[in-house]
Amino acid sequence: AIAHPHQRHRLPAAAAARTRVVGDPTLDRLLASRGRREAYRDRWDTGGRRLLAVTSTWGRESLLARRPHIVERLLAELPCDEWQLALIAHPNWYADLGRLGMTRQLLAEPLRAGLLLPDPYEEWGAALVAADAVVTDHGSTALYAAALERPVLGAYDGGGELAPDSPMAALLTAVSRLAEAEGYERQLAAAVAGGRNAESDRGPASAAAQAAEGAFAARGRALELLREWLYELLDLRPPGGAPRPALLPLPRAEVAQVGAFRVVTAVSGDTVSLTRTPDQVSAHDGVPAPLPRTTPGPDAVPGAHLAADADAAAPGEVESAGLLFRRGHAAAPQRPGPRTVWQAGAWCAHALAAHPGQRAAAVVLDRARAVLRHSAGPALEIRIGPDAPHPAAPVHWPDPTAALSAVHAWLAVAQGTRRFPVTLRVELGDAAVRVRVTEAGETALAEEI
């Protein structure tokens, strides 16, 4: 059973005469699961970010073997409020290292920095459906991404494993290459902008999709053709009704909270531009630190600080943070059983007293509200809302801790001219949110976390 007629020429003549083209059941599952794209992204907390899937095959010429620090570099260069990263690794990586070896040894730091590691059985397919772009070596997983019309960038550094006349070779020839010497974000943003909309089924086939056509025939009919042939070999009549591909299940909701962010800001009046990357990889040897994304205007004041999660950051990050925050029970996973309860205002005061070097402490109450106390000033209530959402598009809520960093940066610049209430415009790449800052009332300060 073969997926495309072109595969016959790879077989000896006697074997080629005994083939039947049935298509690819795995591709049909992926195509049938496209309607669950939003559900997969919700399970991984992707929101309005662009999801980049990095695929690595197995062996000495694989992406993880040739570029072992590519995941760390991507996490360091791609702002985490605009991009999310998933690694699709060949099952042999798990067979060799074991899942604990993958998560505790090879990928421990990237996972703490927010990397998604889909299971190699079915979740990898959900990641491709959910993805906005794919980076690949010469492994054939990328052919499925191309068939799904996802923008693909090649990162294969050559060798003897790739058959020159294969669909995968045609794909790598057709797509742009992820250059090591250039910034990754610019290359990826250009690929996403030039590729077909991942949520649309309209538009001309891309060069990558055309290459995938050489690997997959009879799309949508694989189960039907395979069953028909098997019953023919058994000399039996197939049962009635057309078989349907099983939809890919929802992935396990395993998204690690980033412990600390390196934040680069530019404040101009009541507008704050913000770029955040995980401190776990930003501080790694050989990994570049974040840079401002836009050129600030002449009146803008640039700045940087470390924002740390009191419940997830390392001790050194907590002590070095300019902003220490905590997620309340409404903004964090529910924990059963007895627990310590703080009031929001009291915890902020406690955090500042316990860490005198910090300038601000804050509590996220829910996705739209937070309380922040600065070392020199009143306690503030912060309300977050999308900036003029389109009536025909979904509303994407940002991570509230990004708004906390924006207010923290604005307070540092507006020291002698602070006025409340004030509405800030917080820019996260191409997206923007409105942040309303007022002096906190007793109700907000007394809210339990």
(request) Return the single residue from GLY101, GLY322, GLY48 with maximal mean-square fluctuation; model: Gaussian network over the chain, springs between Cα atoms under 10 Å. (result) GLY101
(message) If I model a spin label at ALA353 and ALA190 as a point 7 Å from the Cα along the Cα→Cβ vector, what separation in nanometres do I get?
(response) 5.6
(request) Pull up all non-local amide H partners of ARG50: gap of 5 or more, or a different chain, and H-to-H distance under 5 Å with H placed in the peptide plane. (result) TRP83, GLN84
(request) Using a 10 angstrom cutoff on alpha carbons, build the Gaussian network for the chain and name the most mobile of ALA353, ALA181, ALA127. (result) ALA181
(request) Please sort 407-416, 240-249, 141-150, 358-367 by packing, taking for each peptide the average over its residues of neighbouring beta carbons within 10 angstrom, highest first. (result) 141-150, 358-367, 407-416, 240-249
(message) Give me the dipole magnitude in Debye, nearest 20, for segment 5-234 about the Cα centre, with unit charges on the beta carbon: positive for Lys and Arg, negative for Asp and Glu.
(response) 400
(message) If you average the alpha carbon positions of segment 379-438 and of segment 240-267, how far apart do those two centres end up, in angstrom?
(response) 25
(message) Can you give me the accessible area per residue for segment 75-186, using a 1.4 Å probe, in Å²?
(response) 36
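With the contact rule set at Cα under 8 Å and sequence spacing of 6 or more, what percent relative contact order holds for the chain? Don't jump to the answer; show the numbers that get you there.
Details: 859 pairs, mean separation 70.1, N = 449.
That works out to 16 percent.
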(request) First measure r as the distance between the Cβ atoms of SER176 and THR26, then evaluate 1/(1 + (r/R0)^6) with R0 = 25 Å and state the FRET efficiency to the nearest 0.05. (result) 0.45
(request) Run the dipole for the chain about the Cα centre, Lys and Arg Cβ at +1, Asp and Glu Cβ at -1, nothing else charged, and hand back the magnitude in debye, nearest 20. (result) 580
(request) Using every Cα-Cα pair within the chain, state what percent have a distance larger than 27 Å. (result) 58
(request) For segment 1-75 and segment 211-225, compute the distance between their C-alpha centroids and round to whole Å. (result) 14
(request) Could you order peptides 373-379, 217-223 by the average number of other Cβ atoms within 10 Å of their residues, highest first? (result) 217-223, 373-379
(request) Could you tell me what percent of the DSSP beta bridges with both partners in the chain are antiparallel, to the nearest 5? (result) 60
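For the chain, return all DSSP H helices satisfying: extent of Cα atoms along own axis at least 18 Å; mean Kyte-Doolittle hydropathy at least 1.0. If you can, show how the numbers build up before the last one.
Values: long enough: 400-413 (20 Å, 1.27).
Long hydrophobic helices here: 400-413.
The values are calculated or read from the model by the stated rules, or taken from the named source; none is laboratory data. These numbers were taken from a predicted model, which means no experiment stands behind them. In this analysis, Cβ positions are derived from the backbone assuming ideal geometry, glycine residues included, and neighbour counts consider all displayed protein chains. All accessible areas refer to the heavy atoms of the entire protein, side chains included, with ligands and DNA or RNA removed. Shrake-Rupley method; radii C 1.70, N 1.55, O 1.52, S 1.80 Å.
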